[in-house]
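Heads up, the thing below is written out as C-alpha cells.
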Amino acid sequence: AVSEGVTYYLTKPFDQVTLKKTLAKYCRNAGIRVKSAIPRSSEIMKSDVVTITADATIGEAIALTLQHGISGLPVVDDQRQLLGIITEFALIQSITCPELKTEPISSIMSTDVITVTEDTIPLAIVEIMQTHRIRRVPVVRDGEVVGVIARRDLLRYVTENEEALCEFLDEVKSFAAK
C-alpha cells in the first residue's frame, strides 16, 4: 500500500498538508515531519521561453531553434496561450522537402501537448518525460506558457541540489519503512 501512496505523491501537485494526509492514508504513522522543502517546477523552469506563433513558417522555426540552441518551441497565440508544440524531430522531417520551409508550422505542430503547472514536483516531471518519451514540457498557468523544462534543466537542478533532494527522499523512505 505504501507504493500506491508514494505513486500518488509523486504524480500529483500538492502542498505539505496534502503530502501528510496522503502518506497518512497509506502509512501507519501519520506523524511525518518533512523538514526539507519540496522542490517545484517553478524552481527549475526557464521563464524566458522562446515561443513561436502558429502562422510562422517552418523556416522561421528552424532558425529560432538553431539561434537559441533549443530542441523545440511552444506554439502560442497573441496572449501566450498554448496552441501546440513544434519539435526538432518534426523540423528535421520537413527538411527533406525544401518547399516546406515556407509552410506554416501549424501544418506540422503537435496539438496534443503534455504540460505541467508551476507546482509540479521534479519526480513527476521525470515520470512524464519517461512515460511519454518527451524532451521538454511547457509549464502553464491558466493555459498561458510561463516556462519550459527540458531534460537538461532537470539534470542541472538535480546535480546542483543533490544533497537536499537525497535528504528529502531519505525522509520519505524512512517514514514509509515504519
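A short reminder: the numbers here are calculations on the coordinates, not readings from a lab. Please read these numbers as outputs of a predicted model, since none were measured by experiment. We place every Cβ from the backbone using ideal geometry, glycine too, and count neighbours over all the protein chains shown.
Annotations
- Efficiency of FRET from Cβ geometry, residue 68 and residue 166, R₀ 35 Å, rounded to 0.05: 0.60
- Distance (nanometres) between label positions extended 7 Å along Cα→Cβ at residue 79 and residue 42: 2.2
- Inter-label distance for residue 103 and residue 152, nm, one decimal - labels placed 7 Å from Cα along Cα-to-Cβ: 2.8
- The share of alpha-carbon pairs in the range 49-137 lying farther apart than 20 Å comes to 36%.
- Taken along the Cα-to-beta-carbon direction at a fixed 7 Å, the label points for residue 57 and residue 133 span 3.2 nm.
- Viscosity 0.692 mPa s, 37 °C: Kirkwood-radius Stokes-Einstein D of the range 90-146 over Cα pairs, µm²/s: 244
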